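Asks: Structure incoming, see below.
Values in this text are rule-based calculations from the coordinates and carry no lab data. As the structure is a computational prediction, the values presented were derived from the model and not from experiment. Because the Cβ atoms are built from the backbone with ideal geometry, glycine has one as well, and the counts that use them run over all protein chains shown.
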Amino acid sequence: MRYDAIVAGASFAGLAVAAQLRGRVLLLDRKQPGTGQTSACGTLLAVAEHLGVMDSVLQVHNHFEIWVGHRLVRYNLLYPFCTFDYTRLCESLLERTDADVLTARVKGMKEQGVETDRGYFESDLIVDATGWRATLARSLSDDYVDRRRMCFGLETVAPHRAEGLHFWANRTLLPDGVTWVFPCGDFSRVGIASYAGRTDLKAALVKFLGSLGLSSADSLHGGFFPWALRQPVVENIFVVGDAAGQCFGLSGEGIRPSLYFGQACGRAMQKVIDGDLSLAAGQAEYSAFVKSHGIYFEAMGALQRLFPHLSELGLYLAGGFIGIRPVLSFLMREYWKGSDPALFSSSKPQRAAHHA
Ligand SMILES: Cc1cc2nc3c(=O)[nH]c(=O)nc-3n(C[C@H](O)[C@H](O)[C@H](O)COP(=O)(O)OP(=O)(O)OC[C@H]3O[C@@H](n4cnc5c(N)ncnc54)[C@H](O)[C@@H]3O)c2cc1C
C-alpha cells in the first residue's frame, strides 16, 4: 500500500494539506471528516472569504467584549470575525481533494510507513495532523508533546442569540483562564478554558451558564490545545496544526494557523511529488516558513504567561490601553500577519495523473 503522500488527521490542518496535493494521497482519520468538532469555530471572516468557504459562515462579528470582573472593555474590530459550521467547512475542503479517505486509527510510525488499525501504509511523504497528541511525531520522539505547554477547554451549545464575541476574565470563577459566548445565529457556543491546562472545568462551566440564565451543559466537547510551537519536521515527517503547536497563546486561535501552515506544508510537499525539490529541501522550505512566523507565537505565548500575574484591575487597565484606536489597529494588523488570510488559496488543485 504505497502512496505519494499520507496525511494523518482530517480536520483543519490535515484537510488543508490534502487539498493542496495532487497525486495518490491517503487521508486517514479515526472519525468521518467533519464529525469531530472540538472548538468554538470562531475565526477571521477573511479566512472564510479567502478560502472560499463563505457557505459555512453562521454569523459575522464586528466587535468583541471582555468582562474583567464587573468592568467591561469593548473593541470594534478592524477585521471582522465569524463563527462557522465545522461540518460544512470540512466538507468544502474535502471536496477539493482527490485523496483516498480511510477511517482508521493511526498508531504510529513503523519503518518507512504509518501503522493503523486498518493496516500499514507507506510513503516518502508523511504528515502528522492528528491534533495535540501528535501521534506520529510522538512515536518518533518521546518528549515531543509537552503537557505543560497546553491549555484545556470545554464547551457546550446553548439556545442564546447575541451580537459580537464575548469573553469573561472572572478570577473568582477561574483564576487561570477565561469563559466565552460565541453567537452562531440561533444558538451560541459557550465555553471555558484554563491556560494552565486544568481539566476539572465542568462545574465552573455549569456555574457560568447559570450566571447567564442558561441551562446546564448537556453535550460537551473540547480538549487540549497547545500554545507553543513544536518542531515542524520530525525525522522524515511533516507536522502541522495543533500537532506542531501552531495555536496562538491567549486567544487560543488555532484554526487559522492550522489552515495556513497546512496549505504551506501541502505546497512544499507537492514540489517534492513533482520532483522540483528533494524531500530534505521540501522539509527545509516548510520549516523555514513556520519559523519565520515564530515571533507571533512567542508574543502571544508571553501574553498568556503574563495573564495570571495581573490583578483584575491590571487586566482592565491593560485591556483599556489595547482599546485605544491606534494601539488596537497596530496590534490587530500584527495579529493578522501571524497567519495572513490573504495568502490562502481557495483553488482546487488541477487533477493530475496518479503517479504510483
Ligand atoms: C474548547 C475549544 C474551543 C476552541 N475554539 C477555537 C476557536 O473558536 N477558534 C480557533 O481558531 N481555535 C479554537 N480552538 C483551537 C482549535 O480547535 C485547534 O487549534 C484546531 O482544531 C487545530 O486543528 P488541527 O486540524 O490541527 O487539529 P484537530 O482539529 O484536533 O484535528 C485532529 C484530527 O486528527 C484526528 N486524529 C487524532 N488522533 C488520531 C489518530 N490516532 N488516528 C487517526 N486520526 C486521529 C482527529 O479525529 C481529528 O480529526 C479551540 C479549542 C478548544 C479545545
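Asks: Before rounding to the nearest 500, sum -39500 (n - 2.57) across all DSSP H runs of length at least 4 in the chain and divide by the residue total; then give [θ] at 222 nm in deg cm²/dmol.
Replies: Calculated at 222 nm, the ellipticity per residue is -9000 deg cm²/dmol.
Asks: Given the Cα-Cα distance of Asp186 and Glu111 and 0.36 nm per residue of separation, how much length would full extension add, in nm?
Replies: Additional length available on full extension: 22.0 nm.
Asks: Mind listing the long-range amide H neighbours of Gly177? Cut-off is under 5 Å, sequence gap 5 or more, other chains count too, H placed in the peptide plane at 1.01 Å from N.
Replies: Residues meeting the criterion, in which the H sits 1.01 Å from N, are Tyr195.
Asks: With charges only on Cβ, +1 for K and R and -1 for D and E, what is the dipole size of the stretch 213-287 about its Cα centre, in debye, rounded to 20?
Replies: For the stretch 213-287, the charge dipole is close to 100 debye.
Asks: Any idea what the relative contact order of the chain is, in percent, if you count C-alpha pairs under 8 Å spaced at least 6 apart?
Replies: 23
Asks: Still on this structure, I have one more. What is the count of Lys pairs in the chain whose alpha carbons sit under 26 Å apart, if the two are 8 or more places apart or on different chains?
Replies: Lysine pairs meeting both conditions in the chain amount to 10.
Asks: While we're on this one: List the trypsin sites (Lys or Arg not before Pro) within the stretch 233-300 that DSSP assigns to loop and that have no more than 10 neighbouring Cβ atoms inside 10 Å.
Replies: Of the trypsin sites (Lys or Arg not before Pro), not one in the loops of the stretch 233-300 has a Cβ with at most 10 other Cβ atoms within 10 Å.
Asks: Can I ask one more? Using Cα pairs under 8 angstrom and six or more residues apart, how large is the relative contact order of the stretch 1-145, in percent?
Replies: Contact order relative to length: 32 percent.
Asks: For a Förster distance of 22 Å, can you work out the FRET efficiency between the beta-carbons of Ser292 and Ile322, rounded to the nearest 0.05?
Replies: With a Förster radius of 22 Å, E is 0.30.
Asks: Also, quick follow-up: Could you list which residues have their amide H under 5 Å from that of Gly23, counting only those 5 or more apart in sequence or on another chain, with H placed in the peptide plane?
Replies: Ala352
Asks: GluC sites (Glu not before Pro) within the stretch 57-113: which are DSSP loop residues with at most 12 other Cβ atoms inside 10 Å?
Replies: Answer by residue number: Glu111.
Asks: Using θ = phi - 60° and the Karplus curve 6.51 cos²θ - 1.76 cosθ + 1.60, what whole-Hz ³J(HN,Hα) does each residue of the stretch 249-258 get, with Gly and Pro shown as x?
Replies: Result, rounded to whole Hz: x, 6, 7, x, 7, x, 6, 4, x, 4.
Asks: Counting other C-beta atoms within 10 Å, and keeping those with at most 16, which DSSP coil trypsin sites (Lys or Arg not before Pro) do you find in the stretch 72-143?
Replies: For trypsin sites (Lys or Arg not before Pro) across the stretch 72-143 that sit outside H, G, I, E and B with at most 16 neighbouring Cβ atoms in 10 Å, the list reads Arg105, Arg118.
Asks: Provide the gained length on full extension for the span Arg2 to Glu235, in nm with one decimal, where the gain is 0.36 nm per separating residue minus the Cα-Cα distance.
Replies: 82.0 nm is the gain from fully extending Arg2 to Glu235.
Asks: Between the stretch 70-117 and the stretch 143-201, what is the separation of their alpha carbon centroids in Å?
Replies: Centre-to-centre distance over Cα atoms comes out at 19 Å.
Asks: Now for a different question. By how many nm would the segment from Arg30 to Leu303 grow when fully extended, if each residue of separation counts as 0.36 nm and the alpha-carbon distance is taken off?
Replies: 94.8 nm
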